[in-house]
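Engineer: Sending over a structure as structure tokens; questions will come in a sec.
What follows is calculated from the coordinates using simple rules that are stated; it is not laboratory data. The structure presented is a predicted model; accordingly, all values stated were derived computationally and were not measured. FYI the Cβ positions are ideal-geometry reconstructions off the backbone, even for glycines, and counts take in every protein chain you see.
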Ligand SMILES: Cc1ncc(COP(=O)(O)O)c(C=O)c1O
């Protein structure tokens, strides 16, 4: 499966001195796996199980920017695992933090019990957060963060005597995980249609994509701020007094890396303020440096009332999510008899010590190695290199923002997603891991990426595009 143009392991050593890439020398021969397991029992998530099991792909090892496949192939990771390993794979500081923690305190319950490092982690996040969002609730995933944020919004209005505010507004093409809350406000029909009527009282804004007016925009498209005005129509239809919150991704990543048009988020904020609606930004992907700052809300200069986080919080090393809420929202819950639980919500693994240790270590790495600023610089290279693919076969749009990018392909007539899947397989066979959504190839390299990795990524992608049937 070695690609004729695979560049081998020359980049694996990383940049001398910084220690950012290729954390340990890897003997790839040891990673080659000859005995594959029986594939039947495992019901794989978000996978075409039968197709996969006919033509499986395995990874067995990862370091820095690369995975190793079971047959010893080096795969440049173009998507940070699944938009999450922002510090690259197996960063030694994160690895040792998890190892030490596992031997020190494996578990405690955060219900009526404290572990100092969890409070310290909340304090660190509050310090990084946009102004005012200094109350932190821990979860174990993005889906749980979204459900938690929606529950906070509903409960908060009720606490304030506005219990009739029960409607939630999402957006078409939005992805907010797979809990019932997340799929209800989410806007990807294949993730919704099997699961009944979902939450009642949900409405959706139009998505912001428009190829006619936006194709090949660099960064934020100029066209489309007016699409936010549709929120006024939704408010007029349902009446503001029935609406609790609006939830949108700062950049709609799983829906195809749709960057908000200039002025769009600002307008959504204004309308929410006008009508007393809470604004939730889902920053499960855009958090922790994707856009050049800790959070995309800071990059875009628009502050929501609640932010959902996960993924990069631990650089993907241990599952963890978090919700940042405005301090006065928290304060409004702090009423009634003191012995009563104010917000009946939480998870067995909220604030799990292994996740707390991994998150502290990931934040150390982001800070000590200046990865957010680094990502901003490398993101410009990524954007330039991707935009240069304009004119390649079937490419109908290229989008970029920070360390995020997308190449949209013209679908094969009558076979949506087929062309992107072909591209995915070619990329994999040629030593590059990408993610596809619809007919879009999405890219999200780790913030440690060197110029050489961006060059390798785009060169491989270019050849794959040239080879598409
Ligand atoms: C914006 C957004 N929200 C929520 C989620 C769900 O996160 P998880 O898969 O950790 O539940 C994702 C996952 O990709 C996401 O991109």
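Engineer: Give me the angle, in degrees from 0 to 90, between the Cα long axis of helix 92-104 and the longest principal axis of the Cα atoms of the chain, rounded to the nearest 10.
Structural biologist: 60 degrees
Engineer: Based on the mean of other beta carbon atoms within 10 Å per residue, what is the order of 215-221, 255-261, most packed first?
Structural biologist: Descending packing order for the listed peptides: 255-261, 215-221.
Engineer: Right, next: Could you list 210, 368 so that the one with the fewest beta carbons within 10 Å of its beta carbon is first and the one with the most is last?
Structural biologist: With the sparsest Cβ surroundings first, the list reads 368, 210.
Engineer: Principal axis lengths of the chain from Cα atoms, whole Å, largest first?
Structural biologist: Cα spread of the chain along its principal axes, largest to smallest: 67, 57, 44 Å.
Engineer: Where the centre of each part is set by its Cα atoms, how far does the stretch 400-469 sit from the stretch 49-124, in angstrom?
Structural biologist: 23 Å
Engineer: Using only alpha carbon pairs under 8 Å that are at least six residues apart, calculate the relative contact order of the stretch 95-368 and give it in whole percent.
Structural biologist: Dividing the mean separation by the residue count of the stretch 95-368 yields 28 percent.
Engineer: Another question, then. Taking every pair of alpha-carbon atoms in the stretch 198-248, give the share separated by more than 19 Å as a whole percent.
Structural biologist: 40 percent
Engineer: Mean projection of the alpha-carbon convex hull of the stretch 204-322 over all orientations, in nm²?
Structural biologist: Taking a quarter of the hull surface, the average projection is 7.7 nm².
Engineer: Could you give the alpha-carbon Rg of the stretch 342-387 over 2.2 N^0.38 Å, rounded to two decimals?
Structural biologist: Normalised by 2.2 N^0.38 Å, the Cα Rg of the stretch 342-387 equals 1.83.
Engineer: Per q in 0.12, 0.15, 0.17 Å⁻¹, report the Debye log10 I(q)/I(0) for the stretch 95-368, using one uniform scatterer on each alpha carbon and no solvent.
Structural biologist: Summing over Cα pairs of the stretch 95-368 leads to -0.73, -1.12, -1.40.
Engineer: Within a 10 angstrom radius of the beta carbon, how do 128, 65 rank from fewest other beta carbons to most?
Structural biologist: The most exposed by this proxy come first: 128, 65.
Engineer: Taking the 0 to 90 degree range and rounding to the nearest ten, how far is the long axis of helix 353-368 tilted relative to the main principal axis of the chain, both from C-alpha atoms?
Structural biologist: Once rounded, one gets 70 degrees.
Engineer: How do 159, 113 rank when sorted from fewest to most other Cβ atoms within 10 Å of their own Cβ?
Structural biologist: Exposure proxy ranking, most exposed first: 113, 159.
Engineer: Moving on. What value, in deg cm²/dmol to 500, does the helix sum -39500 (n - 2.57) over DSSP H runs of n ≥ 4 give at 222 nm once divided by the residues of the chain?
Structural biologist: So the calculated ellipticity at 222 nm is -10000 deg cm²/dmol.
Engineer: In degrees, nearest 10, range 0 to 90: what is the angle between the Cα axis of helix 371-387 and the longest Cα principal axis of the chain?
Structural biologist: 60 degrees
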